[in-house]
Every structure is written in structure tokens, then in C-alpha cells.
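Undergrad: Please see the structure below; I have some questions.
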Amino acid sequence: MHIVILTLTFSLPGCSSLKEKRQRMGGLHARFGNTPSVAVCESGGRARHDASEWTFVIVGLSKREVESQCSQIEEKLERTVDARVMNVEREFV
């Protein structure tokens with residue numbers, strides 16, 4: 001069993017309220033949390049309207065499998081979220 005903790009930090013330029021932040025970042029939990037091998041939560045910047053940090057815990061049978069899922073999540077986030085990815089960290093447990 002392989003586990004990776006994927007943490008992404010986002011900047012939301014021009015975002016002026018927490019309501020707008022929810023709209024711009026909305027659906028991350030629903031999009032990724034439905035996958036049985038992925039847990040997701042907003043782990044930082046919850047009270048800030050111009051930044052957000054999200055953590056994904058990915059479990060798989062092989063290192064290749066969890067690395068592939070990490071890459072897919074990163075690519076999808078860069079395409080679908082109205083925010084700039086400022087930092088990406090992967091920690092293998």
C-alpha cells in the first residue's frame with residue numbers, strides 16, 4: 001500500500017470575498033472526494049479570500065498508481081480552477 005499527501009497552494013488574484021472564493025474554488029471536494037482512493041479538504045487559508053490551500057490524500061497499490069493520480073489531479077486543477085497554483089508538495093508516507 002502506498003500513500004501520498006498532495007498539497008496545493010492557490011492564489012486568487014482579484015478575489016474580494018469568501019463567497020467569491022467558494023465560487024472560484026467550488027466543487028473540489030465533490031469532484032475529487034467521490035473517488036474511493038482520494039480524500040480531500042481545504043487545509044489552509046480558510047479565512048482568507050485571496051488564497052487557499054487544499055490537501056489530497058491518495059492511496060494506491062503501487063507508487064506508480066499514486067504518482068499517476070497526483071499528476072491527473074494537478075493537471076485537472078490547473079485547467080478547471082480559476083486560481084493560480086503557487087506551490088505543489090508531494091509527501092510519500
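Undergrad: Residue by residue through region 17-22, which ³J(HN,Hα) values in whole Hz follow from phi under the Karplus form 6.51 cos²θ - 1.76 cosθ + 1.60 (θ = phi - 60°), with glycine and proline marked x?
TA: Per-residue couplings from phi come out as 7, 5, 5, 5, 4, 4 Hz.
Undergrad: Still on this structure, please answer the following. Pick the calculated semi-axes √(5λ) of the Cα gyration tensor in Å for this structure from (i) 25, 12, 11; (ii) 36, 15, 7; (iii) 19, 17, 12?
TA: For semi-axes √(5λ) of the Cα gyration tensor in Å, the calculated option is (i).
Undergrad: Once the whole set of protein chains is in place, how much accessible area is left on Leu77, using a 1.4 Å probe, in Å² to the nearest 10?
TA: Spelled out: Leu77, probe radius 1.4 Å, area about 0 Å².
Undergrad: Once neighbouring chains are kept in place and the probe is 1.4 Å, which whole percent of the accessible area of the chain is contributed by carbon and sulfur?
TA: Carbon and sulfur: 49 percent of the exposed surface of the chain.
Undergrad: Using Cα pairs closer than 8 Å and at least 6 residues apart in sequence, work out the relative contact order for region 17-91, in percent.
TA: With pairs under 8 Å counted, the relative contact order is 25 percent.
Undergrad: List the trypsin sites (Lys or Arg not before Pro) within region 1-75 that fall in a DSSP loop (any state other than H, G, I, E or B) and whose Cβ has at most 14 other Cβ atoms within 10 Å.
TA: Hits after loop and neighbour filter: Arg46, Arg48.
Undergrad: Then there's this: With every protein chain present, what accessible area does His49 have (1.4 Å probe, heavy atoms only), rounded to the nearest 10 Å²?
TA: Accessible area, nearest 10 Å²: 70 Å².
The values are calculated or read from the model by the stated rules, or taken from the named source; none is laboratory data. Remember, it's a predicted structure, so these values are computed and weren't measured experimentally. Backbone-built Cβ (ideal geometry, glycine too); neighbour counts: all protein chains shown. Remember, those area values only see protein heavy atoms, side chains included, never the ligands or the DNA or RNA. Shrake-Rupley method; radii C 1.70, N 1.55, O 1.52, S 1.80 Å.
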